[in-house]
1. If I fit a long axis through the Cα atoms of helix 70-88 and take the longest principal axis of the Cα atoms of the chain, what angle between them do I get, 0 to 90°, rounded to 10?
2. To the nearest 10 degrees, how steep is helix 2-28 against the longest Cα principal axis of the chain, on a 0 to 90 scale?
3. Please give the per residue accessible area of the chain, computed with a probe of 1.4 Å over protein heavy atoms only, in Å².
4. Let me check against my output: what whole-number percent is the relative contact order of the chain, with C-alpha pairs under 8 Å and at least 6 apart?
5. State the percentage of accessible surface on segment 6-85 attributable to carbon and sulfur atoms; use a 1.4 Å probe and exclude ligands, DNA and RNA.
6. What does the accessible area of V22 come to, in Å² to the nearest 10, when a probe of 1.4 Å is used?
7. If the chain between I80 and K26 were fully stretched, how many nm would it gain, using 0.36 nm times the residue separation less the Cα-Cα distance?
8. Short version: ³J(HN,Hα) in whole Hz for each residue of segment 49-55, in order, from phi by Karplus 6.51 cos²θ - 1.76 cosθ + 1.60 (θ = phi - 60°), x for Gly and Pro, what are they?
Amino acid sequence: MIKNIIMYLAVVNILAFICFGVDKQKAKTHQWRISEKTLLGIAVCGGSLGAICGMRFFRHKTQHAKFALGLPAILIVQAILIVLLYSLS
């Protein structure tokens, strides 16, 4: 069970990182973009660390409070949930 959770988190965080990179490239070339709702949704689904890393690495969405404050807040909530779930088991 734990192995599956770790694999899921690895995949969703890599996906989040890649999505930020793809969206940055699309923004540079004025092409179709990945919606903010999708980027935040991936973070909520467990990809918050990958999203934060992608945001910093690609310097993308760093001036938007929704991302600069929202992604760390999502990560903190997820970390608290993990600690609570772990302590209950």
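1. Around 10 degrees separate the two axes.
2. The two axes meet at around 10 degrees.
3. Numbers: 6210 Å² over 89 residues.
Roughly 70 Å² per residue, with all protein chains present.
4. Values: 80 pairs, mean separation 26.1, N = 89.
Contact order relative to length: 29 percent.
5. Values: 3820 of 5070 Å².
Here it works out to 75 percent.
6. Accessible area of V22: about 60 Å².
7. Values: separation 54, 0.36 × 54 = 19.44 nm, distance 3.42 nm.
Here the answer is 16.0 nm.
8. For segment 49-55, the Karplus curve yields 5, x, 5, 5, 4, x, 4 Hz.
The values are calculated or read from the model by the stated rules, or taken from the named source; none is laboratory data. Because the structure is a prediction, the values reported are computed rather than measured. Note: areas computed on protein heavy atoms with side chains; ligands, DNA, RNA excluded. Shrake-Rupley method; radii C 1.70, N 1.55, O 1.52, S 1.80 Å.
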